[in-house]
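A.B. asks: This is the structure I have questions about; it appears just below.
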């Protein structure tokens, strides 16, 4: 985001339609940001991110398909868009998932079951230029 009034572009990767719809709703209500694309699987996520060049991707760690996880999507997308920032979400907040997210270049790792409501605040922090040096688990 520059000094002009531009929206932060967000791409959502989530295999649950209900969670994806809730994320779109949250972003739409927040102002200053917009959803530029959505995907529920690895292939569509990578293609969509590379096509839309979002500022931030919100990625569920576990996707329904066998091709890859949200972390795999982030790794592949960042190969082409190194400035892409990622927020990884999971219902399984293990130390291994947090480390894998950090290794993939995620800015934040959030536990969906306890930290879901923090997403908009984190997006606003990222939009203001805040960037974690590695995936930060928020609790």
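A.B. asks: State, to one decimal in nm, how far the label point of residue 16 lies from the label point of residue 62, with both points 7 Å from Cα in the Cβ direction.
C.D. replies: Output for this residue pair reads 1.0 nm.
A.B. asks: Something else now. So what's the back-of-envelope 222 nm ellipticity for the chain, counting only DSSP H runs of four-plus at -39500 (n - 2.57) apiece and dividing by all residues, rounded to 500?
C.D. replies: On the way: 6 runs with 59 residues, N = 139.
Only helices count here, giving -12500 deg cm²/dmol.
A.B. asks: Something else now. What relative contact order, as a whole-number percentage, does the range 28-70 give when Cα pairs under 8 Å and 6 or more residues apart are counted?
C.D. replies: Working: 34 pairs, mean separation 15.2, N = 43.
The normalised contact order for the range 28-70 reaches 35 percent.
A.B. asks: Using 0.36 nm times the number of residues separating residue 125 and residue 51, minus their current alpha carbon distance, what extension gain do you get?
C.D. replies: Full extension of this stretch gives 24.2 nm more.
A.B. asks: If the range 8-137 were replaced by its equivalent ellipsoid, with semi-axes equal to the square roots of 5 times the Cα gyration tensor eigenvalues, what would those be, largest first, whole Å? Intermediate values should be presented prior to the final figure.
C.D. replies: On the way: eigenvalues 62, 54, 48 Å².
Listed largest to smallest, the semi-axes of the range 8-137 are 18, 16, 15 Å.
A.B. asks: Identify the residues of the range 48-83 with backbone N under 20 Å of a label point that sits 7 angstrom from the Cα of residue 116 along the Cα-to-Cβ direction, or state none.
C.D. replies: Under 20 Å, as judged by backbone N against the label point of residue 116, lie 57-65, 70-71 of the range 48-83.
A.B. asks: Among 78, 62, which comes first, second and so on when ranked by fewest other beta-carbon atoms within 10 Å?
C.D. replies: On the way: 78 18, 62 15.
Sorted ascending by nearby Cβ count, the order is 62, 78.
A.B. asks: Additional query: Below 8 Å between Cα atoms, with a sequence gap of 6+, how large is the relative contact order for the range 8-137 in percent?
C.D. replies: Values: 237 pairs, mean separation 27.2, N = 130.
Relative CO of the range 8-137 lands at 21 percent.
The numbers here are math on the coordinates, done by the rules we state, and not lab data. Only a predicted model underlies this, so the values are computations on that prediction, with no experimental measurement involved. Glycine also receives a Cβ, built like all others from the backbone with ideal geometry; neighbour counts cover every protein chain displayed.
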